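Bear in mind that the values in this text are calculations on the coordinates, not laboratory data. Computed from a predicted structure; not experimentally measured. Here Cβ is always computed from backbone atoms with ideal geometry, including for glycine, and neighbour counts include all displayed protein chains.
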Amino acid sequence: ETGVTQTPRHLVMGMTNKKSLKCEQHLGHNAMYWYKQSAKKPLELMFVYNFKEQTENNSVPSRFSPECPNSSHLFLHLHTLQPEDSALYLCASSPWLAGYDEQFFGPGTRLTVL
Amino acid sequence: EDQVTQSPEALRLQEGESSSLNCSYTVSGLRGLFWYRQDPGKGPEFLFTLYSAGEEKEKERLKATLTKKESFLHITAPKPEDSATYLCAVQAWGGSEKLVFGKGTKLTVNP
């Protein structure tokens, strides 16, 4: 595997379900990010992790719970979601948490909440 | 609050027909402006970073330029494989590493 991988690629869940999204980066990077991409809206940063420590929570509802066990893996735990949470969830990584580094994105998980 | 506005929302070109995409921004202090390309069903792919007004960068048929208020992505003699959504993002000085994205321009190049 190379780059940034995300599983599952598609997920359909009910409002009472609990599920998790997984992201893995094979680039040796130290910073990882979760983004939400909704139709007709800009990409929206959710969480930032640097060396496994959360450095930013962009006012995300508590029904989204991130976990970063090491610099290569990032999870997004989901529970009691709402239909408006349906979106493409993108994971990204960068070498350092520094302004000049490009971010490398995974292919995303397309989430549908019924 | 930092803001990014991209225009047009959608652009349809014939193969070989050159054009430009616009990214207007307001930011407290620009640290960097980023251009990404996103294909359907995929994550964004990095194209360029511009740091200061007057800077230009090129890659194949794409050329990005930057002024104090906006950035342009010029596409010269586009091909159908250039069809994608092009995203612009800014990052400000001030401690946060947050990228603020625009909504993107969906480019379609017809053969």
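Overview of results
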item: Chain B: relative contact order in percent, alpha carbon pairs under 8 Å with at least 6 residues between; result: 37 percent
item: Set A:Lys41/B:Lys98; B:Lys59/B:Lys98; B:Lys68/B:Lys98; B:Lys63/B:Lys103; A:Lys36/B:Lys79; A:Lys36/B:Lys63 screened for pairs whose C-alpha atoms are more than 23 Å apart; result: B:Lys59/B:Lys98; A:Lys36/B:Lys79; A:Lys36/B:Lys63
item: Average Cα contact separation per residue, chain A, under 8 Å, 6 or more apart, as relative contact order %; result: 36 percent
item: Descending semi-axes in whole angstrom, ellipsoid equivalent of region A:22-79, from the Cα gyration tensor; result: 19, 13, 11
item: Cysteines without a disulfide-compatible partner [the protein assembly as shown; Cβ-Cβ under 4.7 Å]; result: A:Cys68
item: Centre separation in Å (Cα based) which lies between region A:23-43 and region B:27-59; result: 16 Å
item: Neighbourhood charge, 10 Å Cβ-Cβ cut-off, centred on A:Val12 and excluding it, Lys, Arg +1 and Asp, Glu -1; result: +2
item: Sparse-neighbourhood loop sites, GluC sites (Glu not before Pro) in region B:43-111 - DSSP loop, at most 16 other Cβ within 10 angstrom; result: B:Glu55, B:Glu60
item: Mean separation of Cα contacts under 8 Å (6+ apart) over length of region A:67-113, as relative contact order %; result: 38 percent
item: Cα pair distances exceeding 33 angstrom across the protein assembly as shown, given as percent; result: 17 percent
